[in-house]
């Protein structure tokens, strides 16, 4: 199985929900699933497995989760497959759902059972045909490139006043800003929050400069523990966090200085902790999803290292994932951002040039994150990569991110 989470944002760039995109098989290795085997086990909703194995709080925190439903699974015992709260579970159907009696009645049953409903890929030309279906929906996903939102918001406010509109395929910050200013949409989904920064903004705040200096110190080839400790001591939040962590690790040790704590951790663990903690602090005034992406990419890249036969470079791959959105976090072009820290040539090649030994793993990770399953499947076939280790690597990264914050 393959599965990933795609965030949905509101007007303030806060994540309000996640869509679970999942695929049961590698269709390139099992083409029958595109034909006669398409509905094998179709009553089992693939996305529910991710939620059940990890818990909704790990997958999405307190947000709603959109789950794709086919026409067979819609009639299954959904509550038996997934025990997540009904009001946090959004069942997502598409234009293949017939606007007929038994389907409409089933939607009414699910609605009465407190599930939320959504529909996507429904062309405007079929809105009238789907009038009764649309009247039951809580959300409708619209491709903003193919619809006049000024007309759509008038239509929906009159005919379906309770439905919330979601703009999908928002590819740039400019598109997001324009759609937000025009009004009509309640949520947005797309790549706009991960677009590379082309031009730097104002000067960085002194505190952020301190974090970047710390990152530069610890990513030197043979950094000095005392130098790192001196930079940490400038920031009370980092100091407190580090002392709490080390005292948890060494029960009854009574460590009360940064230098002592640094010595206890050692160079390798201190480097890992600083890279993670400083990146978290750099994200405090940015959309929360950026920190989540940075952390999950870091762990996912590290977990994929043995899959790509690069286990000995797992620490560097962790750093590559962690810094993969550094340009967006500090609002500087990536080349300038990487100059502010110290990373290996291989990381620079992957993040700046899309070349080098780390690039195939990085590209695979991004394709997976975007749920580009056809390309992911192709790369797995070419690289002789099994599906299960990849899925487990991603699931572990979600759990690690959850545990990272449960310790704060």
(message) Given the DSSP H assignment, sum -39500 (n - 2.57) over each helix run of at least 4 residues in the chain and divide by its residue total; what's the result at 222 nm in deg cm²/dmol, nearest 500?
(response) -14500 deg cm²/dmol
(request) Tell me, rounded to the nearest percent, the portion of alpha carbon pairs in the chain spaced more than 37 Å apart. (result) 30 percent
(request) Would you mind calculating the gained length between residue 314 and residue 403 on full extension (0.36 nm times residue separation, minus the Cα-Cα distance), in nm to one decimal? (result) 30.1 nm
(message) Report the rotationally averaged projected area of region 206-406 based on its alpha-carbon convex hull, in square nanometres.
(response) 11.4 nm²
(message) Tell me the angle of helix 359-369 to the major Cα principal axis of the chain, expressed in degrees between 0 and 90 and rounded to the nearest ten.
(response) 40 degrees
(message) Per-residue counts of other Cβ atoms within 10 Å, averaged by peptide: what ranking do you get for 353-366, 152-165, highest first?
(response) 353-366, 152-165
(request) Compute the acute angle (0 to 90°) between the alpha-carbon long axis of helix 206-218 and the principal axis of greatest extent of the alpha-carbon atoms of the chain; round to the nearest 10°. (result) 70 degrees
(message) Restricting to Cα pairs below 8 Å that are 6+ residues apart, what does the relative contact order work out to for the chain? Please round to a whole percent.
(response) 15 percent
(message) How are the alpha carbon pair distances in region 260-320 distributed across 10 Å bins from zero to the largest one, expressed in percent?
(response) 22, 43, 30, 5
(request) Grab the beta carbon distance between residue 392 and residue 14, set R0 = 25 Å, and tell me the FRET efficiency rounded to 0.05. (result) 0.25
(request) Calculate how steeply helix 101-112 sits against the longest principal axis of the alpha-carbon atoms of the chain, using the helix alpha-carbon long axis, and give the answer as 0 to 90 degrees to the nearest 10. (result) 50 degrees
(message) What is the ratio of the Cα radius of gyration of region 2-194 to 2.2 N^0.38 Å, with N the residue count, to two decimals?
(response) 1.03
(message) Please compute the contact order of region 206-406 in relative form: average sequence separation of alpha-carbon pairs under 8 Å and at least six residues apart, divided by the residue count, as a percent.
(response) 20 percent
(message) Cβ neighbours within 10 Å, averaged per peptide: list 301-311, 321-331, 127-137 in order, most packed at the top.
(response) 321-331, 301-311, 127-137
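Rule-based calculations on the coordinates, nothing more; no lab input. This is a predicted model, so every value here is computed, not measured. Backbone-built Cβ (ideal geometry, glycine too); neighbour counts: all protein chains shown.
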